[in-house]
Amino acid sequence: MATRLDIFSDPICPWCYIGKARLEAALEQRADHPFVVEWHPYMLNPAMPSEGMDRREYLQAKFGNPDQVVKAYLPVQQAAEASGLAMDLSRIERTPSTLDAHRLIHWAGLEGCQNAVVSALFRAYFVEGRDIGQALVLRQIAEGAGMDGAVVARLLEGNSDSDDIRARDSEIRERGLQGVPGFLLGRKYLLSGAQPPEVWLNVIDDLRNAV
């Protein structure tokens, strides 16, 4: 029996990137897993200007001095390496607004290529240092996942689904989700944080045994 797995995430959240990798490591070991995955918006910086901001200014405002930045991101780098993930934070020059990226993820869901788009967004930001707040970058990611780039470009020029994304972001916060990644199983049980593969293997086995 299929089990819905709703994932709340932001494509500039390093722990979301790591959490996705850990989940997929478990799914590779349980090819008959019951999950039907859907990605949902959670914006780390909902008030970020549409043009984003300089990465150094953002980190300074969030963490303070450079030593605090290093201290905050060391566990991230270590967890990424342990999960076999490439990550080059030094290439990131801007912290973007992710509203448009979330709109793209939503549209990708309508076309059945959500996971490919989410993967490409994480890779573009954390590995390639690209500004995923830029329409051209988002169009290229969409095309790489098999979407119509011209259609996506036209949609990005307007405000289609922007209010919906903001409303969904606000709703999940009001329901108590304070950080991401968040994983909602079967619309009932919430797992927070980048859970290790072992946790997911246990969840999958428990679901199979309960049938």
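Summary table below
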read-out	value
Evaluation of D88 against (1) closer than 22 Å to R130 by Cβ; (2) touching a Lys or Arg at 6+ places or on another chain (Cβ under 6 Å) (one fails), failing number	(2)
Test: residue in the stretch 74-90 that is crowded, with 16+ Cβ neighbours inside 10 Å and farther than 17 Å from C16 by Cβ	no
Candidate set: the stretch 121-131, residues that are out of contact with any Gly (no Cβ under 9 Å at 6 or more places or on another chain) and not in a helix (DSSP H, G or I); chosen: the one surrounded by the most Cβ atoms within 10 Å (Cβ to Cβ)	R130
Unique residue being at pLDDT 95 or above and farther than 30 Å from S90 by Cβ when the list is R123, R139, R154, R130	R154
From S83, S90, S50, residue being within 17 Å of the chain's Cα centre (by Cα) and of a type in the set (G, A, S)	S83
Qualifying residues in the stretch 192-209 (those that are without any contact (Cβ under 8 Å) to a residue 12 or more places away in the chain and over 17 Å from E28 (Cβ atoms)) - the one surrounded by the most Cβ atoms within 10 Å (Cβ to Cβ)	D206
Flag if M1 is in contact (Cβ under 8 Å) with a residue 12 or more places away in the chain, in contact with a strand residue (DSSP E or B) (Cβ under 7 Å, 6 or more places away or on another chain), open to solvent by 20 Å² or more (accessible area, probe 1.4 Å) and more than 23 Å from S192 (Cα to Cα)	no
Residue tally, condition in contact with a helix residue (DSSP H, G or I) (Cβ under 9 Å, 6 or more places away or on another chain) and at positive phi, over the stretch 182-211	2
V37 being outside any helix (DSSP H, G or I), touching a strand residue (DSSP E or B) at 6+ places or on another chain (Cβ under 9 Å) and in contact (Cβ under 8 Å) with a residue 40 or more places away in the chain	yes
Filtered residues of the stretch 20-34 (kept if hydrophobic (A, V, I, L, M, F, W, C) and either open to solvent by less than 60 Å² (accessible area, probe 1.4 Å) or part of a strand (DSSP E or B) (or both))	A21, L23, A25, A26, L27
Number of positions in the stretch 90-120 that are in a helix (DSSP H, G or I) and modelled with pLDDT of 95 or more	20
Close pairs (6 angstrom Cβ cut-off, 6 or more residues apart or separate chains): within 12 Å of E93 (Cβ to Cβ) and modelled with pLDDT of 95 or more in the stretch 45-71, open to solvent by 90 Å² or more (accessible area, probe 1.4 Å) and outside any helix (DSSP H, G or I) anywhere	R55/E93
Flag if Y17 is open to solvent by 20 Å² or more (accessible area, probe 1.4 Å), within 12 Å of the chain's Cα centre (by Cα), within 22 Å of P196 (Cβ to Cβ) and not polar (S, T, N, Q)	yes
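The values are calculated or read from the model by the stated rules, or taken from the named source; none is laboratory data. Remember, it's a predicted structure, so these values are computed and weren't measured experimentally. Glycine also receives a Cβ, built like all others from the backbone with ideal geometry; neighbour counts cover every protein chain displayed. To get the accessible areas, we keep the full protein, side chains included, count just its heavy atoms, and leave off ligands, DNA and RNA. Shrake-Rupley method; radii C 1.70, N 1.55, O 1.52, S 1.80 Å.
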